[in-house]
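A short worksheet on the structure shown next.
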Amino acid sequence: MNTNDFLEANFRDIHSYEDLFASNRRDFLKRVGGGIVVFVAINDLLFGQEEVRRPRGGRLPSDFNAFLRIGEDGRVTCFTGKIEMGQGIITSLPQMLAEELDTPLDTVDIVMGDTDLCPWDAGTFGSMTTRMFGPALRAAAAEARAVLLELAADALKVPQTQLVAKGGVISDQQDPKNKISYGQLAKGQKIERHVEAKPPLKDPTQFKISGQSHTRRDGEAKVTGKAHYAADIRVPGMLYAKILRPPAHGAKLKSVDTAPAKAIDGVQVIQDGDLVAVLHQFPDVAEVALGKIKAEWDTPAATYDDKTVFDHLINVAPEARVVRGGQGGDLDAGMKSAAKKFDSTYLNSYVAHSPMEPHAALCQIEGDKATVWASTQNPFGARDQIAGAIGFSAEKVRVITPFVGGGFGGKTNNQEAVEAARLAKAAGKPVQVMWSREEEFFYDTFRPAAVVKISSGVDAAGKMAFWDYDVYFAGERGAAQFYTVPNHRTASRGSGFGGPASAHPFATGAWRAPGNNTNTFARESQIDIMAAGAGIDPVEFRLNNLSDERMIRVLKAAAEKFGWKPAKGPSKRGYGVACGIDADTYVAAIAEVAVDKAKGTVQVKRVVCAQDMAVIINPEGAKIQMEGCVTMGLGYALMEEVHFKDGKVLDTNYDTYELPRFSWVPEIETVLIENNDTKVRQGGGGEPAIILMGALVANGIYDATGARLFQLPMTPERIKAALQKA
Amino acid sequence: MTDKIAFKLNDKPVQLDVDGERPLLWVLRTDLGLTGTKYGCGAGFCGGCTVLINQRATRSCLLKIKDVKDKEVVTIEGLAKDGKLHPLQKAFMEHDGMQCGFCTPGMILTGVSLLKFNPQPTEQEIHSGLENNFCRCGAHVRIVQAMRQAAAEMKGAH
């Protein structure tokens, strides 16, 4: 038995487009030969453009962002810079395409995240695939269908109005035997089309493929071990790298002795400036060798740790910036009209992304071309970073993204891909870097710790009188107030993506629904406090203070499914409620929790979650994302917190850092609101429901016990402290 | 320094000349190219590297290759027999018991072992049996559904 027996497929085989090394439209067309190719630029077609103004790596290209090709064999291929990391677009994007094109789903292939084959894309984050990319892909498919109808009219010699497209075949309505397949139509063609104006898309109520649940298209690959991730790619002669890491953030290398590592048979040591690495044909031997390196470090003393960080953040916060639409009325007048006032400060901790797949990349340099297989959410960003680091032009770097084993916003920095490329260049051999779990906990771009201060009041009739809101370092997402309050101000200080440089002890960045977890925890806790203060049932209080019909509908849907019976809090039932907006999607949830007062532990027993995301492509896929949000969200609500001191991350593995487990998972019921109103913006599905989990559980704990939690995660220690105050 | 280590791997005899102290996980992934077995934490917490050893779910990151001498090792690549998926693999597909799929091989092999020694587990036994396998995407609900279906389907097969 040799190694090759076990290598049934790697991503080069799966793509098998080796002959299509094309990074632009002209090259692509030249190499693709026959067929019909439709290009579409998101810029031309989309409303909601301001939502994507900030993606790292710059603006959207003016050329095109997606294309699809109909081949002579009738197969349709979608090329996209998006990647699959679990969210399920490997299934939903082909559904959208098949629907608009009237072709069977199993004739659609998808090529993802390959920078030589796919058009530029900012990255897969922000729940943008379905809401931004989806409409563009649907438009490209609709355009392709129009081209096919034109060709068919010629071929069948009947007017277009007499034709019907179905299942990849166009036929004459008056003579169904007079028909022609997409493959036949594409034969010998070299047609290039650009979508100029938004073509008419199908009415969602007429959907036959979209709107239906489909199981994952990558299911079989994932249950058999055939699905390859970046660290699973093998090329001849490759070496595995283990890299010398500092003991603390900010530490500088004083001296290093690599001689003991070099003494091990087969070890190659690379020292390239600050990068010191050990290479070997086996990763475990490289790790042993790395352990033999003697290094001395200068470690600066730090002035704050995970306990004192909140004071630090307030001290270093830049000036407040009022968020868009975040000011109205007169706060002083509002305060005067309030019968009751409430001042609260909410704290949220650093949280790790902790995808089960650690960051990994393999770089192979052949001649003047580097190929990098990377676990990345933004392959084009990785390509540019790698090119810069090894002095190649971007065209000479190809990033291929195999399956990504979870990202959650944490796989956008591409440090490991740059490391693999630098080491491959220095060693003259292919090099794979895969971080250990300890490296993962050290170099993660953690969700930033944040503070929210709210001063609010309610009048004698139970209406919100004023709302004064300051968020520190979570960012604006989800901060905007959607309750009806006449006098209000909402401001943000510091970025939720890091800056200023002195703010955090380590890298921070986007974490599934960035900022919104903190903002929704604070807002929905404060709403609950006001409801209890006014002696009004928390669902009723929300409905009394809402005018947004979509929010009212989604909250009522959750309450109805849950079987909500009004009572003012704390009712001792352990019922919590929360609602919010993320990625243009409306969500509301109601939970039942049980608190063990002696231990300070919480069991979330049941969660009902309702969601309105506008058009739904794969209903079961959308529900699965909601379940994932609820489950993952229990982690930051109850246990997840990164501890640190003197630049050292004290949590280095899962012995101290707890992820949600099977026994934590409540009974989860999901409700998808049907909303085919094409005038509302398409919402995303990967993130929204997770924003509710902090407040949902905090409000449940309050309802069960009368104890109010102001800090996440709600650990047993904090719950017991809150119980003592209650 | 190498040892001759013979064992059964996915129903085939295999003999390696290898340093017996090397971790089973890395010999599987590197020397043998069986990359379905995943590294997740390297310390036995997450379950991503689970394989079957004499039918029992075991964490390959904590074992040395010499520990499997003369034993039967099954990795995710060897679970399907003659092209026929194990009922639990099929159930994972039908219930979408995975998202990113990285924990899936370890999860399935842990589940297979659980069903082998407890063919009709209660809901609570499913939870406790999988408790130390982490899934970050939150596919837990569907994984439990898949376990229930496989248990029902395999009833009588034991």
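The values are calculated or read from the model by the stated rules, or taken from the named source; none is laboratory data. Note that the coordinates shown come from a computational prediction; the quantities given were computed from them, not determined experimentally. Please note: Cβ atoms are built from the backbone with ideal geometry, for glycine as well, and neighbour counts cover all protein chains shown.
Could you say which residue among B:GLY101, B:GLY36 is touching a strand residue (DSSP E or B) at 6+ places or on another chain (Cβ under 8 Å) and closer than 23 Å to B:PHE134 by Cα?
Details: B:GLY36 fails: touching a strand residue (DSSP E or B) at 6+ places or on another chain (Cβ under 8 Å).
Matching residue, one of B:GLY101, B:GLY36: B:GLY101.
Kindly check whether there is at least one residue in region B:62-77 that is over 12 Å from the mean Cα position of the chain (by Cα), free of Cβ contacts under 8 Å to residues at least 12 places away in the same chain and farther than 30 Å from A:GLN625 by Cα. Within region B:62-77, none of the residues are over 12 Å from the mean Cα position of the chain (by Cα), free of Cβ contacts under 8 Å to residues at least 12 places away in the same chain and farther than 30 Å from A:GLN625 by Cα.
In a residue-by-residue description of region A:483-499, the property of being of a type in the set (S, T, N, Q), assigned by TED's automatic domain parsing to the domain that holds A:LEU313, assigned to a helix (DSSP H, G or I) and closer than 27 Å to A:ASP306 by Cβ applies to no position. When A:GLY211, A:GLY188, A:GLY237, A:GLY183 are screened for being assigned to a helix (DSSP H, G or I), in contact (Cβ under 8 Å) with a residue 40 or more places away in the chain and not basic (Lys, Arg), only A:GLY183 passes. If the condition is being within 13 Å of chain B (Cβ to nearest Cβ) and either at positive phi or of a type in the set (D, E, K, R) (or both), then region A:219-262 contributes A:GLU220, A:LYS222, A:GLY225, A:LYS226, A:ASP232, A:ARG234, A:LYS242. Inside region A:152-179, residues that are assigned to a strand (DSSP E or B), of a type outside the set (Lys, Arg) and surrounded by fewer than 14 Cβ atoms within 10 Å (Cβ to Cβ) make up a count of 2. Scanning region B:25-54 for residues that are under 15 Å from the mean Cα position of the chain (by Cα) and over 20 Å from A:MET238 (Cα atoms) yields B:GLY40, B:GLY44, B:PHE45, B:CYS46, B:GLY47, B:GLY48, B:CYS49, B:THR50, B:VAL51, B:LEU52, B:ILE53, B:ASN54.
Counting just the residues of region A:402-429 that are over 21 Å from the mean Cα position of the chain (by Cα) and either surrounded by fewer than 22 Cβ atoms within 10 Å (Cβ to Cβ) or outside the structural domain of A:CYS363 (by TED's automatic domain parsing) (or both), which one comes out nearest to B:THR30 (Cα to Cα)? Residue satisfying both the conditions and the ranking: A:LYS429.
In this structure, does B:GLY36 turn out to be small (Gly, Ala, Ser) and either without any contact (Cβ under 8 Å) to a residue 60 or more places away in the chain or facing chain A (nearest Cβ under 8 Å) (or both)?
Numbers: small (Gly, Ala, Ser): yes; either without any contact (Cβ under 8 Å) to a residue 60 or more places away in the chain or facing chain A (nearest Cβ under 8 Å) (or both): yes.
Taking the combined requirement at face value, the residue satisfies it.
Scanning region A:301-311 for residues that are touching a residue at least 24 places away in the same chain (Cβ under 8 Å) and either more than 34 Å from the chain's Cα centre (by Cα) or assigned to a helix (DSSP H, G or I) (or both) yields a total of 3.
Against the test of being farther than 25 Å from A:ARG437 by Cβ, facing chain A (nearest Cβ under 10 Å) and buried (at least 22 other Cβ atoms within 10 Å of the Cβ), the options B:LEU25, B:LEU9 yield a single qualifying residue, B:LEU9. Hey, can you tell me all the residues within region A:500-547 that are among the acidic types (Asp, Glu) and either part of a helix (DSSP H, G or I) or surrounded by fewer than 19 Cβ atoms within 10 Å (Cβ to Cβ) (or both)? Answer for region A:500-547, where residues must be among the acidic types (Asp, Glu) and either part of a helix (DSSP H, G or I) or surrounded by fewer than 19 Cβ atoms within 10 Å (Cβ to Cβ) (or both): A:GLU524, A:ASP528, A:GLU540.
This table checks each residue for (1) β-branched (Val, Ile, Thr); (2) farther than 26 Å from B:TYR39 by Cβ; (3) more than 14 Å from the chain's Cα centre (by Cα); (4) within 11 Å of another protein chain (Cβ to nearest Cβ).
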position	(1), (2), (3), (4)
B:GLN124	no, yes, yes, yes
B:HIS127	no, no, yes, yes
B:ASN132	no, no, no, yes
B:CYS135	no, no, yes, yes
B:ILE143	yes, no, yes, yes
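Identify, please: which residue in region A:432-467 is of a type in the set (A, V, I, L, M, F, W, C), more than 30 Å from A:ALA317 (Cβ to Cβ) and more than 14 Å from chain B (Cβ to nearest Cβ) and is, among those, surrounded by the fewest Cβ atoms within 10 Å (Cβ to Cβ)?
Step one: list which residues in region A:432-467 are of a type in the set (A, V, I, L, M, F, W, C), which gives A:433-435, A:441-442, A:446, A:449-452, A:454, A:458, A:460-461, A:464-467.
Subset that is more than 30 Å from A:ALA317 (Cβ to Cβ): A:433-435, A:460-461.
Subset that is more than 14 Å from chain B (Cβ to nearest Cβ): A:460-461.
Working: A:ALA460: 11, A:ALA461: 9.
So, considering only residues that are of a type in the set (A, V, I, L, M, F, W, C), more than 30 Å from A:ALA317 (Cβ to Cβ) and more than 14 Å from chain B (Cβ to nearest Cβ), the one surrounded by the fewest Cβ atoms within 10 Å (Cβ to Cβ) is A:ALA461.
Residues are listed down the side, and each one gets a yes or a no for (1) farther than 21 Å from B:MET107 by Cα; (2) surrounded by fewer than 22 Cβ atoms within 10 Å (Cβ to Cβ); (3) not assigned by TED's automatic domain parsing to the domain that holds A:MET132:
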site	(1), (2), (3)
A:ALA614	yes, no, yes
A:GLY628	no, no, yes
A:MET639	yes, yes, yes
A:LYS648	yes, yes, yes
A:LEU659	no, yes, yes
A:THR670	yes, no, yes
A:ASN676	yes, yes, yes
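Contact map, region A:70-85: residues that are outside any strand (DSSP E or B) paired with residues that are of a type in the set (D, E, K, R), Cβ distance under 7 Å, separation 6+ or inter-chain. Pairs shown: A:GLU72/A:LYS187; A:ARG75/A:ASP109; A:GLY81/A:ASP121; A:LYS82/A:ASP121; A:GLU84/A:ASP218.
A:VAL195 falls short of the stated requirement of being of a type in the set (A, V, I, L, M, F, W, C), surrounded by fewer than 18 Cβ atoms within 10 Å (Cβ to Cβ) and assigned by TED's automatic domain parsing to the domain that holds A:ILE110.
Results for (1) over 33 Å from the mean Cα position of the chain (by Cα); (2) of a type in the set (D, E, K, R), shown as yes or no for each residue.
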position	(1), (2)
A:ILE70	no, no
A:ASP73	yes, yes
A:CYS78	no, no
A:LYS82	no, yes
A:ILE110	no, no
A:MET128	no, no
A:THR161	yes, no
A:LYS166	yes, yes
A:LYS177	yes, yes
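Against the numbered list (1) of a type outside the set (Ser, Thr, Tyr); (2) surrounded by fewer than 21 Cβ atoms within 10 Å (Cβ to Cβ); (3) away from chain A (no Cβ under 12 Å), B:LEU115 comes up short only at (2). Looking only at residues in region B:95-106 that are out of contact with any helix residue (DSSP H, G or I) (no Cβ under 6 Å at 6 or more places or on another chain) and over 14 Å from A:ASP218 (Cβ atoms), the one that is farthest from the other protein chains (Cβ to nearest Cβ) is B:GLY106. Can you pull out every residue in region A:377-391 that is crowded, with 19+ Cβ neighbours inside 10 Å and part of a loop (DSSP other than H, G, I, E, B)? Those that are crowded, with 19+ Cβ neighbours inside 10 Å and part of a loop (DSSP other than H, G, I, E, B): A:GLN377, A:ASN378. On inspection, A:PHE125 does not qualify as part of a helix (DSSP H, G or I) and away from chain B (no Cβ under 14 Å). Scan B:CYS46, B:CYS61 and give me the residue that is under 19 Å from A:ALA360 (Cα atoms) and facing chain A (nearest Cβ under 8 Å). Residue meeting the stated conditions: B:CYS46.
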